[in-house]
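Asks: Let me begin by handing over the structure; questions about it come next.
What follows is calculated from the coordinates using simple rules that are stated; it is not laboratory data. This structure is a prediction, so every number in the text was calculated from the model and none was measured. Ideal geometry is used to build each Cβ from the backbone, glycine not excepted, and the neighbour counts take in all protein chains shown.
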Amino acid sequence: MSTKPTLPVEALSLNIDSYVACSKCAEEVAHIEPKISLQDYAAVDIGFTQWGLQVWCRRHQTNIVHIDFNGQQLPADFRRLEKN
Ligand SMILES: [Zn+2]
């Protein structure tokens, strides 16, 4: 895993176009009163595995997605923007 920065600095802000969510959490949160967001309800672990990157639902102890890198080593940017 290369940690050499490859992305433009603006890519380090929130750029998520499509969120990854547990379908069970999404179903449950729709019935909770008072309403809370899926973002506040979800509890996930995200990490690298021998195959790629896994998103795990801690609440349901189930796989949400496991992205297979097919043995590829992808560049990853771990820099963090600090607020001034
Ligand atoms: Zn869940």
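Asks: Order these by the 10 Å Cβ neighbour count, fewest first: 35, 83, 24.
Replies: Fewest to most other Cβ atoms nearby, the residues stand as 83, 35, 24.
Asks: Which lysines, if any, have their Cα less than 29 Å from the Cα of residue 83, not counting same-chain residues under 8 positions apart?
Replies: 4
Asks: According to the Cα gyration tensor, what semi-axes, each the square root of 5 times an eigenvalue, does the equivalent ellipsoid of the chain have, listed from largest to smallest in whole Å?
Replies: 28, 19, 9
Asks: Testing the spin-label approximation: label points 7 Å from Cα along Cα→Cβ at residue 16 and residue 36. State their distance in nm.
Replies: Here the modelled spin labels are 1.6 nm apart.
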